[in-house]
Amino acid sequence: KQWYQHRVAITAGEVARWFIYGRTKPCGNHGGSCLESVTVYFDSEIVELQRGWLVNHYGKKISPKNHKGEKMSIEGQYANFTLYFDGATLEFRTVLEKRETGPGSYELSQIILKWDGYVSVIIQTPMEDSRTCGMCGNNDGDANNDMITRRRGEVTDAIEFGESWKLDRRGRCEDAPAPLTLGEACGESLANVTAECERIFNIANFDNCPAAGHDKTEFIYACIYDECEGIMQQPGLPPKCVVAQAYATRCTGPSWDRDDPSPKGNYVAGWEEEAGCPGSTERFEDVLNTGCPQPT
């Protein structure tokens, strides 16, 4: 098997305080790749989020899935971290800065990761003083200039952009193949798959998401492509539902924009039933089975 590692996000500046790397491996029928784990480097500490919501801190395995609804702590030599598992998503937090806003009152600048335990991660950083680089863009509030390569060139081709952030010091990783068109990936099933994905993303639960800045277009495209390519196909985890879960997580979580500091988020509970997808309880064992054996 061949794995690839990409720099997902890194704080910008003369001295980088934190990095986030994503490890991917081949999946699907024709050269696709899927996120397998996410590693956070912060203040000389290393924490890895693995498949099945397993957490690795210097070889010590932590199983948040055994502590649903509980806040867990990781105490490191240089920094501390908190974990919270709600039954479907693992939330990872660490504090960048703690500012006193009044007697006994503090404001925290944090890095937050939301990991579905499978193939999708959302990274949240503070709006101010948190410029980044990497595959998640530069965090300057402009979505049109995020595809900056490792050598600071701006590109429009996703393959060229992704390849520039690949970590391959020994030259062992193959170049990414050109992606198939939807027609090539789906063949005669294109119309039916397109109709099904559009149906899922047009359910009432998702109606308010676009107004909050969560465009459906790329998710519908991913839904069609992943369904036709069989990306991460599992008996209880249809690819279309994995993509929909990623969209639901993004739409539900609080987000901000620079012109409006009030948090935005939408209530999409129950989307699985309306979309015809397995709920968190039904997905649980299938997600666990994609990862390493869990400690008891």
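The values are calculated or read from the model by the stated rules, or taken from the named source; none is laboratory data. All of these numbers come straight from a predicted model, not from anything done at the bench. FYI the Cβ positions are ideal-geometry reconstructions off the backbone, even for glycines, and counts take in every protein chain you see. Accessible surface is based on the protein model in full, side chains and every heavy atom, while ligands, DNA and RNA are left aside. Shrake-Rupley method; radii C 1.70, N 1.55, O 1.52, S 1.80 Å.
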So what is the accessible area of the chain per residue, in Å², with the probe set to 1.4 Å? 54 Å²
Any idea how far apart GLN110 and ASN138 come out in nm if each label point goes 7 Å out from Cα toward Cβ? 2.9 nm
Please tell me the relative contact order of segment 17-155 in percent, rounded to the nearest whole number, where contacts are Cα pairs under 8 Å and at least six residues apart. 13 percent
Accessible carbon and sulfur surface of the chain relative to its total accessible area, %, 1.4 Å: 48 percent
Within the under-11-Å Cβ sphere about ALA275, not counting ALA275, Lys/Arg +1 and Asp/Glu -1 give a net charge of -2
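Starting from the alpha-carbon convex hull of segment 33-93, give the projected area averaged over all orientations, in nm².
Seen from a random direction, the Cα hull of segment 33-93 projects 4.3 nm² on average.
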Of the listed values [x] 37; [y] 42; [z] 49, grab the one calculated as percent of Cα pairs over 29 Å apart from the structure here. [x]
Report, in deg cm²/dmol and to the nearest 500, the calculated mean residue ellipticity at 222 nm for the chain, where each DSSP H run with n ≥ 4 adds -39500 (n - 2.57) and the sum is divided by the residue count. -6500 deg cm²/dmol
Which is farthest toward the positive dipole end of the chain among VAL119, TYR225, ASN66, measuring Cα position about the Cα centre, with Cβ charges +1 (Lys, Arg) and -1 (Asp, Glu)? ASN66
Enumerate the lysines that LYS98 could reach by cross-link, defined here as Cα to Cα under 28 Å, with residues fewer than 8 away along the same chain left out. LYS60, LYS68, LYS71, LYS114, LYS264
In debye, nearest 20: dipole of the chain around its Cα centre with unit charges on the Cβ of K, R (+) and D, E (-)? 1160 debye
